[in-house]
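Student: Submitted below is the structure of interest, expressed as structure tokens.
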Amino acid sequence: MNKKEIIIGFLVGIIANTIGTLAYIVLFSDLNISETFAAAIEQEHIGSLLALGAILNLIAFFGFLKLNRDHRARGVLIATLLTAFVILYYKMF
């Protein structure tokens, strides 16, 4: 049961990060989504773009804590850590 809750939280974290990244692009970029990603990779700003998208994970994390869904909050935290490792990878290589 706990593993299922952690997986649900992880999926919510990944989806929230994706929605946050896409929302940031739509709201603040003059380019379309694919052009923005290409420009971010070219200018080495993809990590910043992913980090801004992860802001929605805060809402999911604290929402699950408020609802006493600690294992789901743990899944969101794992998704956020995965995003941090992806950002670290882009920054290092």
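The values are calculated or read from the model by the stated rules, or taken from the named source; none is laboratory data. Given the structure is predicted, the values throughout are model-derived calculations rather than measurements. Please note: Cβ atoms are built from the backbone with ideal geometry, for glycine as well, and neighbour counts cover all protein chains shown. The accessibility values were calculated without ligands, DNA or RNA, using every heavy atom of the protein model including side chains. Shrake-Rupley method; radii C 1.70, N 1.55, O 1.52, S 1.80 Å.
Student: If you check Ala79 against the conditions, is it free of Cβ contacts under 8 Å to residues at least 24 places away in the same chain and open to solvent by less than 50 Å² (accessible area, probe 1.4 Å)? Talk me through it step by step, then tell me what you get.
Tutor: Values: free of Cβ contacts under 8 Å to residues at least 24 places away in the same chain: no; open to solvent by less than 50 Å² (accessible area, probe 1.4 Å): yes.
Answer is no for this residue.
Each row is one residue, and each column tells you yes or no for (1) closer than 16 Å to Ala84 by Cβ; (2) open to solvent by less than 50 Å² (accessible area, probe 1.4 Å); (3) hydroxyl-bearing (Ser, Thr, Tyr).
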site: Ala16; (1), (2), (3): yes, yes, no
site: Val26; (1), (2), (3): no, no, no
site: Ala40; (1), (2), (3): no, yes, no
site: Gln43; (1), (2), (3): no, no, no
site: Ile46; (1), (2), (3): yes, yes, no
site: Ile59; (1), (2), (3): no, no, no
site: Leu67; (1), (2), (3): no, no, no
site: Arg72; (1), (2), (3): no, no, no
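Student: So, one more: Picking from Ile59, Ile87, which residue would you name as being modelled with pLDDT of 95 or more and of a type in the set (Val, Ile, Thr)?
Tutor: Numbers: Ile87 fails: modelled with pLDDT of 95 or more.
The match here is Ile59.
Student: Take the stretch 82-93 and flag every residue that is more than 22 Å from Lys4 (Cα to Cα) and surrounded by 12 or more Cβ atoms within 10 Å (Cβ to Cβ). Break it down stepwise before answering.
Tutor: Looking only at the stretch 82-93, we keep the residues that are more than 22 Å from Lys4 (Cα to Cα), and these are 84-93.
Once the filter is applied, which keeps residues that are more than 22 Å from Lys4 (Cα to Cα) and surrounded by 12 or more Cβ atoms within 10 Å (Cβ to Cβ), the stretch 82-93 yields Ala84, Val86, Ile87, Tyr90.
Student: Any idea how many residues of the stretch 1-23 are β-branched (Val, Ile, Thr) and free of Cβ contacts under 8 Å to residues at least 12 places away in the same chain?
Tutor: Initial filter on the stretch 1-23 (β-branched (Val, Ile, Thr)): 6-8, 12, 14-15, 18-19, 21.
Those left that are additionally free of Cβ contacts under 8 Å to residues at least 12 places away in the same chain: 15.
Final tally of qualifying residues: 1.
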